[in-house]
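All remarks here apply to the structure that follows.
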Amino acid sequence: MKLSARNQIKGKILEVKKGATTAHVRVEIAPGQVITASITNEAVDELGLKSGSAAIVVIKASDVMIGVE
């Protein structure tokens with residue numbers, strides 16, 4: 001897979017939780033470190049996403065914010 005996005009992180013799918021139209025996909029990128037993506041149910045089906053499968057998290061954003069308390 002070739003993409004222009006440089007933020008590509010390999011991991012393993014922990015959970016795919018489908019809602020009415022959107023699914024939350026939890027990907028473990030390192031022990032105890034999880035990234036959650038919100039994608040369409042259609043995308044989940046087309047990609048064949050399921051727990052235990054390998055996946056690549058691709059982050060493409062114009063803004064990244066950090067907050068502190």
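The values are calculated or read from the model by the stated rules, or taken from the named source; none is laboratory data. Everything numeric in this text was worked out from a predicted model, so none of it was measured. Don't worry about glycine lacking a Cβ; one is built from the backbone with ideal geometry, like all the others, and counts go over all protein chains shown.
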What tally of residues in region 32-48 results from selecting those that are loosely packed, with under 13 Cβ neighbours inside 10 Å, at pLDDT 95 or above and small (Gly, Ala, Ser)? 2
Within region 1-31, tally of residues that are within 15 Å of SER53 (Cα to Cα), touching a residue at least 24 places away in the same chain (Cβ under 8 Å) and of a type outside the set (Asp, Glu): 10
